[in-house]
Amino acid sequence: MAFEGLSERLQGTIQKIKGKGKVSEADVKEMMREVRFALIEADVNLKVMKEFIKKVSERAVGEDVMKSLTPGQQVVKIVRDELTELMGGEQSKVEFATKQPTVIMMVGLQGAGKTTTTGKLAHLLRKKHNRKPLLVAADVYRPAAVQQLETIGKQLALPVFSKGTDISPVEIARQAIEYAKAEHLDTVLIDTAGRLHIDEGLMQELKDIRGLKEPDEVFLVVDAMTGQDAVNVAQNFDEAVGITGVVLTKLDGDTRGGAALSIRAVTQKPIKFVGMGEKMDALEAFYPERMASRILGMGDMLSLIEKAQTNVDEERAKELEEKFRTSSFTFDDFLEQMSEVKKMGPLDEILKMIPGANKIKGLENAKVDEGQMDRVEAIIQSMTAQEKVTPDIINANRKKRIARGSGTSIQDVNRLLKQFDDMKKMMKQMSGMNQKGKKKMGMPGLDSLFK
Ligand SMILES: Nc1nc2c(ncn2[C@@H]2O[C@H](COP(=O)(O)OP(=O)(O)O)[C@@H](O)[C@H]2O)c(=O)[nH]1
Ligand SMILES: [Mg+2]
């Protein structure tokens, strides 16, 4: 998993300072030394690293931090904020043209993942933005490349514009844009040729395609595993062709994370998407803040609740913890938790923020079915107050009534009851474990819930 090394190191470092009631300049210095090592090891660009350390240090020894009641936590927050800033601050969206079609060019070196990402992106834009994409095979140097895109198109049931390999990429792109207009396809994704290295001829070709109709986006696809090389490639492409954003691929692999942390700072171009696997749905929008939190392991259950209710109700959080422990957790609590979690965004994103969740067997590539969540909600809402507190009384007749009331089936009701029961058992076990000082895990029972 990407960032693992960096994540572990940084978490170790912040753990030390987090609980401190007093933070001295020496503490900050010591911490920064460790952060520096962590960043170097993650292959972060040297200049970027220095700049980052400087910013964090300056803010961390500031008066308001030192004087605050929780200086340790303040410092950790500064690290997270600066990490977020480093990766671009706000999430950056795809620019769609006001005049159809939107043209998106995919550029990059050979093997970076352009063709695959072209398909993934089209799939995502159709699903999340209701776009009607056209895939364009403009890599004419390898017949296999055209075929590869055609296969992807077939797999996704998306139209592919290809003209073989005998005409120029510029001409293909020109015809494709005309075709899209005629067919009312609103998003043209052009898969271009890569080379092993940056070369003049290729850059000229890309510039020519660019010249046809100013593309709304030129996405550079880079392999995150290449680390600092990715940063160089990005700089070169930006100078030669001009890029509007970056897609970092293979972040699911064993990358150290340096590229993700440096590319924005060096090129000033935002990371827009990240590739998390070979499958067509393995492309995600890039959220700097979520990534920073994930790297710092700030995703435990309580901080998730915190995030949902900006004014943390500590009493309530404690109460819930107590309920976990004594197994007096009811369906009402369950519903409350679920709606808190739902407020925070797409569930599969959240799931990934929970440390340990990716280590639970079967959850590595978990996809959360939001429809399933709605069904669960409906079922609970169809229970009586008594049933929510003591689900044991739910007999066959009651199940029938609940299923009818929630528009689900008796099997659905049974499944939820069983999951709830399993979850309670697991919570009890785990709170026992935590008390004995064993390794802390993610949110209990998640795996059974979301499957
Ligand atoms: N694990 C992983 N593999 C990827 C990802 N993106 C692309 N690949 C793989 O990288 C290889 C090269 O991809 P391709 O799209 O053909 O690269 P292109 O030469 O730039 O068009 C293929 O085997 C892809 O399946 C990713 O996000 N994760
Ligand atoms: Mg290709």
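The numbers here are math on the coordinates, done by the rules we state, and not lab data. Being a predicted model, the structure only gives us computed values, none of them experimental. Note that we place each Cβ from the backbone using ideal geometry, even for glycine, and neighbour counts take in every protein chain shown.
Observations
- By the rule of a C-alpha distance below 14 Å, with chain neighbours fewer than 8 residues away ignored, the aspartates and glutamates paired with Lys132 are Glu183, Asp186.
- The trypsin sites (Lys or Arg not before Pro) found in segment 69-113 that occupy coil by DSSP, while having at most 12 further C-beta atoms within 10 Å, are Lys93, Lys99.
- Distance histogram in 5 Å bins (all Cα pairs of segment 187-304, percent per bin): 2, 10, 20, 22, 19, 14, 6, 3, 2, 1, 0
- Segment 137-203 versus segment 206-234: alpha-carbon centroid distance in Å: 16
- The charge dipole of segment 77-137, taken about the Cα centre with unit charges on the Cβ atoms of Lys, Arg (+1) and Asp, Glu (-1), comes to about 500 debye, rounded to the nearest 20.
- Judged by the ratio a/c of the largest to the smallest principal axis of the C-alpha gyration tensor, segment 85-231 counts as rounded, that ratio being less than 1.5.
- Charge context of Asp186, other residues only, Cβ under 12 angstrom, K/R +1, D/E -1: +3
- The loop-placed trypsin sites (Lys or Arg not before Pro) in segment 8-55, going by DSSP, that have at most 10 neighbouring Cβ atoms within 10 Å of their Cβ come out as Lys22.
- Cross-link partners of Lys400 among aspartates and glutamates (Cα-Cα below 12 Å; sequence separation of 8 or more within a chain): Asp412
- Overall form of segment 70-117 per C-alpha gyration tensor (a/c, 1.5; a/b vs b/c): oblate
- Within the shell defined by Cβ-Cβ distances under 9 Å, the residues around Glu217 carry a net charge of -1, with Lys and Arg each +1 and Asp and Glu each -1.
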